[in-house]
Amino acid sequence: MLKYYLYKIAQTIASALPISVAYCIAVFLSDIKYFVSPRDRKAVHDNLFVILNDHEKAHQIAREVFQNFGKYLTEFFRMEKFTEAFVKQNVVLENRELLEEGLKKGRGVIIMTAHIGNWELGGLALSRFGFPLTAIALPHRERSVNELFNHQRESAGVTVVPVHSAIRRCIRTLKQNGIIALLADRDFSATGIPMDFFNRRTMIPRGPAMFAYRTGATVLPMFLTRNPDGTFRISISEPLDLPDDPQKMDEREFNHHFAKQQVTALEKAIKRNPSQWLVFRKFWIDEECGPERITST
């Protein structure tokens, strides 16, 4: 229960203070975390080095990653304050018409995002813009923490689906022409699709491809990133190039065709904002140990 009470204290403080003050505290605590957590610091640096191929730059940006994660948590704990008026004033939604066109096809839309910027706020913002969505959430080890985090998401208008019932419920949502959001960069199951990512082997989640294959839904890469002035931008890219009837293709062939586009979209987004890619575990496969399996957060 200790972690739950710590989160509740953090939530109370973050919600009570002006956001600029809350950010300052978050950055200060994130700097402490950066210096006292050599394992996390090394993982972030090593991930960035693969992208940047520059140790000095990777060290510099690694600290920014910790600071941006502190800001992400601050925003997450303040979810209830992000009203429709706040979102419309502080979040720019680019290429909204791509989402509207996808829904016009009547087979649902899969939002393919990543641990970039603030993906939780992205779901809230879409809901405030009139596009409520369903998101799959990896459970926390502690039930009370899990309930706290899911309450934050649901208060923002996001329907939360636990991993164990995700397939059935997400397919039903798509067949009802709804929107689902999936994190497409980090495979937590060790059963993903092996792909070259920044020219290094890793496993990427197969969920987006599986849902697209079964439903024929439109797949849109979408990322919410923070601007230097404290505002946000939701970038929606062109839909993935997929057949009208995916099941006319062999599923393995479809998965490979899908995964290549998935990797390309993710690489572009990460290159654009490496300091906002919030991954604190080694991302690429260890050739000796194999991929890491994560069942909870």
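How many residues does the stretch 1-52 contain that are over 21 Å from Q276 (Cα atoms) and under 22 Å from the mean Cα position of the chain (by Cα)?
3
For the stretch 104-125, name all the residues that are more than 16 Å from C170 (Cβ to Cβ) and in a helix (DSSP H, G or I).
K104, W119, E120, L121, G122, L124, A125 - these are the residues of the stretch 104-125 that are more than 16 Å from C170 (Cβ to Cβ) and in a helix (DSSP H, G or I).
With the checklist (1) surrounded by fewer than 18 Cβ atoms within 10 Å (Cβ to Cβ); (2) assigned to a loop (DSSP other than H, G, I, E, B); (3) at pLDDT 95 or above in hand, flag the one item W284 doesn't pass.
(3)
One line per residue, one yes/no per condition, for (1) over 30 Å from K268 (Cβ atoms); (2) open to solvent by less than 70 Å² (accessible area, probe 1.4 Å); (3) at pLDDT below 95:
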| residue | (1), (2), (3) |
| --- | --- |
| I13 | yes, no, yes |
| L29 | yes, no, no |
| Y34 | no, yes, no |
| D46 | no, yes, no |
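For a quick check of your reading of the model, give me the residue pairs whose first member lies in the stretch 145-168 and is farther than 15 Å from G123 by Cβ and touching a residue at least 60 places away in the same chain (Cβ under 8 Å), whose second is in a helix (DSSP H, G or I) and open to solvent by less than 80 Å² (accessible area, probe 1.4 Å), with beta-carbon atoms closer than 9 Å and at least 6 apart or on different chains.
If the second residue must be in a helix (DSSP H, G or I) and open to solvent by less than 80 Å² (accessible area, probe 1.4 Å), the pairs left are V145/Y4; V145/Y7; L148/Y4; L148/Y7; L148/K8; L148/Q11.
Which numbered condition in (1) open to solvent by less than 20 Å² (accessible area, probe 1.4 Å); (2) small (G, A, S); (3) in a loop (DSSP other than H, G, I, E, B) is the only one that A209 fails?
Unmet condition: (3).
How many residues does the stretch 222-273 contain that are touching a residue at least 60 places away in the same chain (Cβ under 8 Å), part of a helix (DSSP H, G or I) and farther than 18 Å from G122 by Cα?
Adding up the residues that qualify gives 8.
Can you report the number of residues in the stretch 54-85 which are in a helix (DSSP H, G or I), open to solvent by 30 Å² or more (accessible area, probe 1.4 Å) and in contact (Cβ under 8 Å) with a residue 40 or more places away in the chain?
8
Can you confirm whether V163 is surrounded by 19 or more Cβ atoms within 10 Å (Cβ to Cβ), among the β-branched types (V, I, T) and modelled with pLDDT under 95?
no
The values are calculated or read from the model by the stated rules, or taken from the named source; none is laboratory data. This one's a predicted model, so the numbers in the text were calculated from it and none came from an experiment. Counting neighbours? That spans all protein chains shown, and the Cβs are built from the backbone with ideal geometry, glycine included. Ligands, DNA and RNA are excluded from the accessible area calculation, which covers all protein heavy atoms including side chains. Shrake-Rupley method; radii C 1.70, N 1.55, O 1.52, S 1.80 Å.
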